[in-house]
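No lab work stands behind these numbers, since they all come straight from the coordinates. Just so we're clear, the structure is a prediction, and the values are computed from it rather than from any experiment. Every residue, glycine as well, gets a Cβ built from its backbone with ideal geometry; the counts of neighbours run over all protein chains shown.
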Amino acid sequence: MWQLSLPWWEFIVRALIVYGFLVVLLRLTGKRQVGQLAPFDLVLLLVLSNAVQNAMNGGDNSVLAGILSACTLVLVNYLVGLAAYRSKKVEALIEGRPEVLIHNGRLYEEVLVREKLTHHELSAALRAAGCNEVAEVHCAMLENNGQISVVAKKDVAATTITPRP
């Protein structure tokens, strides 16, 4: 139960390699994948975690191997988060930058295609913000977490102030 079949440091190296690989893989799949998990996306993540399990533990199913791998993953995740907090470059590399989807009623189709967002998903976000069409939107952003933020145009009516007699 506590006997390791590989050197202790190898579990740490394996966990670091798998963590780095998964961060790159998930980062390349785009913001939408992370922020809006459909049932099949959740299944993919569960199967993915099972697929890389042996790469991390090298076939060692001891409790100590699991503890070493888990501690390594949690520590590396903490350190990556800290680095992203302290450095804008690391933050951009790890988390990306928000993308403008709509600005002043103009829809950027190329961003939808690049981020693999459908018009139905965008329309749902617009409706949730109280907008019926793109022309009513001042700004819509695809945030780092995969959510869509929408700022509606304000109806600026000309107001006339008449002095009191």
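Residue exposure proxy: Cys131, Cys71, ordered by other Cβ atoms within 10 angstrom of their Cβ from fewest to most, comes out as Cys71, Cys131.
The stretch between Asn132 and Asn77, if pulled fully straight at 0.36 nm per residue, gains 15.8 nm over its current Cα-Cα span.
Subtracting the Cα-Cα distance of Val43 and Glu110 from their residue separation scaled by 0.36 nm leaves 21.2 nm. Relative to its residue count, the range 99-152 spans a Cα convex hull of 62 Å³ per residue. A full extension of the chain between Ser62 and Ser149 corresponds to an added length of 26.8 nm, given 0.36 nm per residue minus the alpha carbon distance. As a rough footprinting exposure proxy, the listed residues Met1, Met141 were ranked by other beta carbons within 10 Å of their own, and the order from fewest upward is Met1, Met141.
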